[in-house]
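Participant: Before I ask anything, here is the structure I am working with.
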Amino acid sequence: MNVLSRLWTIAAERRNELVSGVSRKQNATEAVADLAAQLKDVEAAVVLIFASPHFDKDKLAGALSESFGATPVIGCTTAGEITPLGYETGTLTGVAFPRLHFRFSSRLLTNLSRFSIDDGLRFCREFVSDFGETPGWSSLAILLTDGMCRQEEALLSAFEPGLAPIPILGGSAGDGLDFQQTFVLHDGKFHSDAALLTLLATNYRFTELRFDHFLPTEKRMVVTEADPGRRLVREINAEPAAVEYARAVGCSVDELSPFVFATRPTLVRVGGKYHVRAIQKVEEDDGLSFLCAIDEGLVMTVGQAQDIVAHLDREFTNLKAKHGRPTLVLGFDCMLRRLESELLKKYNAVSELLRQNRVIGFSTYGEQYHGMHVNQTFVGVAFFDPDNEEETGGEVEK
């Protein structure tokens, strides 16, 4: 094969591959041009982007529409990005899904503050019916939400049965560490108070991922007063929430910090498994603000962290042993995992594992997995190239 033929073959292969890219340029227009140049060879069904919140949203949306033309671009703002080089911040990161292997449709759900489960069920059932099936292909749903909406549980209560048996996973958009305003991107505009539901059909094999690195301890607490709409716990065991939580983890209220919350979260047992319910901050009246739904009568268990690096390495090692090396892992990784790795000086090691395992995604304000909204968890989907048997091991779950 001569050089020109080889180059043509490489270009043809790239048009049909999952390709990711990242721009570190700080100007929105320049960042989009840079990312578009990296993804331009792919004949994409859709481009999924994860954008640092520092970008001017209108300029970024306009530049994306202009650069990618007829190719739909969807995505959200972040609390940090997972790029081809691992953890980064201040970037524009993206993945192009090739049309040969993916079929796509997205719909925006607005006015989340007035969301009803009945409306959500109808929304999903109509969407699935319109989307249809592709013979021999499998489908999955990706849910990106306004990370400040506090409606993730309600959405999943409707979407999980409304989409069944299509699996649903995703993440809540971020705003760095500011917790002010978050956005999802759809149809050339950034939207708040909104959720973006995307259906993908593919002939890639894939398996869903969900793992956290916490074990339950013997210390249990009961929520005795709460404001569920605000995700606020006022009392635990009939004592001020912060006081009782501090006692349970062995410190004073004054010593409570993001480090304590990240390494000693509360766990809730649902369906025989423990799920993290992360604390965001202490309120002035010694209440505790949570990042997930909390209600009165809920029994919480104090969690104990395992080594985050060893655990992540073990999970990816098991993935590869069972299924082979993924072509790409689309990852939704809680921002508290990033914060924990920074505080424990394990940031570089975690970042390197994400890079080695081809993870592209973002640090979230919460993660969606089937019918659960969780925290401090890695949720994702590993894709395996159907044409590359060397990298796809045994049977892959869908």
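The values are calculated or read from the model by the stated rules, or taken from the named source; none is laboratory data. This structure is a prediction, so every number in the text was calculated from the model and none was measured. Heads up, the Cβs are rebuilt from the backbone with ideal geometry, glycines too, and the neighbour counts pull from every protein chain shown. Just so you know, the surface numbers come from the protein's heavy atoms only, side chains and all, with ligands and any DNA or RNA stripped out. Shrake-Rupley method; radii C 1.70, N 1.55, O 1.52, S 1.80 Å.
Participant: How much length is gained if the chain between CYS251 and ALA70 is pulled fully straight, taking 0.36 nm per residue apart and subtracting their Cα-Cα distance, in nm to one decimal? Before the final figure, lay out each step's value.
Facilitator: Details: separation 181, 0.36 × 181 = 65.16 nm, distance 5.61 nm.
Going from the current span to full extension adds 59.6 nm.
Participant: Further question: Please work out how much length the chain gains when fully extended from LYS322 to GLU239, using 0.36 nm per residue of separation minus the C-alpha to C-alpha distance, in nm with one decimal.
Facilitator: Values: separation 83, 0.36 × 83 = 29.88 nm, distance 4.72 nm.
Taking 0.36 nm per residue and subtracting the Cα distance, the gain is 25.2 nm.
Participant: If one puts a single equal scatterer on every Cα of region 112-178 and applies the Debye formula without solvent, what log₁₀ I(q)/I(0) results at q = 0.13, 0.15, 0.24, 0.28 Å⁻¹?
Facilitator: For region 112-178, the Cα-only Debye profile gives -0.41, -0.52, -1.08, -1.30.
Participant: Relative to the longest principal axis of the C-alpha atoms of the chain, give the angle of the C-alpha long axis of helix 3-15, reported between 0 and 90° and rounded to the nearest 10°.
Facilitator: Its long axis makes an angle of about 40 degrees.
Participant: Still on this structure, please answer the following. Apply the Karplus parameterisation 6.51 cos²θ - 1.76 cosθ + 1.60, with θ equal to phi minus 60°, to every residue of region 305-315 and state each ³J(HN,Hα) to the nearest whole Hz, in sequence, with x for glycine and proline.
Facilitator: 6, 8, 5, 5, 6, 4, 5, 4, 4, 5, 5
Participant: Rounded, prolate or oblate: which fits region 83-152 when a ≥ b ≥ c are the square roots of the eigenvalues of the alpha-carbon gyration tensor, with rounded for a/c under 1.5 and prolate only if a/b beats b/c? All intermediate terms of the calculation are to be shown ahead of the outcome.
Facilitator: On the way: a/c = 3.09, a/b = 1.10, b/c = 2.81.
Cα axes put region 83-152 in the oblate bin.
Participant: Sort region 221-341 into rounded, prolate or oblate with this rule: let a ≥ b ≥ c be the square roots of the eigenvalues of the Cα gyration tensor; rounded if a/c is under 1.5, and if a/c is not under 1.5, prolate when a/b is larger than b/c, oblate otherwise. All intermediate terms of the calculation are to be shown ahead of the outcome.
Facilitator: Details: a/c = 2.42, a/b = 2.01, b/c = 1.20.
Here region 221-341 falls in the prolate category.
Participant: Using the Cα gyration tensor of region 217-282, with a ≥ b ≥ c the square roots of its eigenvalues, what is the shape: rounded (a/c below 1.5), prolate (a/b larger than b/c) or oblate (neither)?
Facilitator: Details: a/c = 1.42, a/b = 1.15, b/c = 1.24.
Since a/c stays below 1.5, the shape of region 217-282 is classed as rounded.
Participant: So, one more: Give me the 1.4 Å probe accessible area per residue for region 287-359, excluding ligands and nucleic acids, in Å². All intermediate terms of the calculation are to be shown ahead of the outcome.
Facilitator: Values: 2750 Å² over 73 residues.
Using a 1.4 Å probe on heavy atoms only, each residue of region 287-359 averages 38 Å².
Participant: Right, something else. Residues in region 93-133, backbone N under 18 Å from the label point at GLN26 (7 Å along the Cα-to-beta-carbon vector): list them, ranges by number please.
Facilitator: 93
Participant: Peptides 108-116, 37-45, 95-103: what's the order by average Cβ count within 10 Å, highest mean first? Don't skip to the answer; put the middle values down first.
Facilitator: Values: 108-116: 14.7, 37-45: 17.6, 95-103: 20.7.
So the peptides 108-116, 37-45, 95-103, ranked by packing, come out 95-103, 37-45, 108-116.
Participant: Another one. When the helix-only estimate is applied to the chain (DSSP H runs of n ≥ 4, each -39,500 (n - 2.57), divided by the residue count), what is the mean residue ellipticity at 222 nm, nearest 500 deg cm²/dmol?
Facilitator: Rounded to the nearest 500, it is -9000 deg cm²/dmol.
Participant: Considering all projection directions equally, how large on average is the shadow of the alpha-carbon convex hull of region 151-305, in square nanometres?
Facilitator: Numbers: hull surface 45.1 nm².
So the Cα hull casts an average projection of 11.3 nm².
Participant: Got a sec to turn the phi values of region 117-127 into Karplus ³J(HN,Hα) couplings, 6.51 cos²θ - 1.76 cosθ + 1.60 with θ = phi - 60°, whole Hz, x for Gly and Pro?
Facilitator: 5, 4, 5, x, 4, 4, 4, 5, 5, 5, 4
Participant: Give me the percent of Cα-Cα pairs in the chain that sit more than 28 Å apart, rounded to a whole number. The partial results should precede the final answer.
Facilitator: Details: 36172 of 79003 pairs.
Pairs farther apart than 28 Å: 46 percent.
Participant: Please report the antiparallel percentage of DSSP beta bridges with both residues in the chain, rounded to the nearest 5.
Facilitator: Details: 82 of 99 bridges.
Restricted to the chain, the bridges split so that about 85 percent are antiparallel.
Participant: At 37 °C and 0.692 mPa s, what whole-number value in µm²/s does Stokes-Einstein give for the translational diffusion of region 67-219, with Rh from the Kirkwood sum over Cα pairs?
Facilitator: Details: Rh = 16.9 Å.
Value of D from the Cα-based Kirkwood radius: 194 µm²/s.
Participant: Give the aspartates and glutamates whose C-alpha is closer than 13 Å to that of LYS281, dropping any in the same chain fewer than 8 places away, or say none.
Facilitator: Of all the aspartates and glutamates, those that pass the test against LYS281 - Cα under 13 Å, at least 8 places apart if same chain - are ASP178, ASP254, GLU255.
Participant: To continue, here is another question. Relative to the longest principal axis of the C-alpha atoms of the chain, give the angle of the C-alpha long axis of helix 28-39, reported between 0 and 90° and rounded to the nearest 10°.
Facilitator: Helix 28-39 and the main axis of the chain meet at about 60 degrees.
Participant: What translational diffusion coefficient, to the nearest whole µm²/s, does region 270-330 have by Stokes-Einstein, given a Kirkwood radius computed over alpha-carbon pairs, a temperature of 10 °C and 1.306 mPa s viscosity?
Facilitator: On the way: Rh = 15.2 Å.
It diffuses with D of about 105 µm²/s by this estimate.
Participant: When the scattering of region 12-119 is computed by the Debye formula from its Cα atoms alone, each counted once and equally, what is log10 I(q)/I(0) at q = 0.13, 0.15, 0.18, 0.22 Å⁻¹?
Facilitator: -0.50, -0.65, -0.87, -1.16
Participant: Then there's this: With a cut-off of 8 Å between alpha carbons and a minimum separation of six or more residues, what is the relative contact order of the chain in percent? Please report the intermediate quantities before stating the final value.
Facilitator: On the way: 953 pairs, mean separation 76.6, N = 398.
Relative contact order here is 19 percent.
Participant: Okay, moving on. So, how do all the Cα-to-Cα distances of region 250-301 break down into 10 Å bins, in percent, from 0 on up?
Facilitator: Per 10 Å bin, starting at zero, the Cα-Cα P(r) for region 250-301 comes out as 22, 55, 21, 2 percent.
Participant: Please give the helix 57-68 orientation as an angle from the longest Cα principal axis of the chain, in degrees from 0 to 90, rounded to the nearest 10.
Facilitator: In the chain, helix 57-68 runs at an angle near 30 degrees to the longest axis.
Participant: Still on this structure: Leaving out ligands, DNA and RNA, what percent of the accessible area of region 44-118 is carbon and sulfur, probe 1.4 Å?
Facilitator: 49
Participant: Considering all projection directions equally, how large on average is the shadow of the alpha-carbon convex hull of region 272-398, in square nanometres? Can you show the working numbers first?
Facilitator: Numbers: hull surface 38.0 nm².
Projected over every direction and averaged, the Cα hull of region 272-398 covers 9.5 nm².
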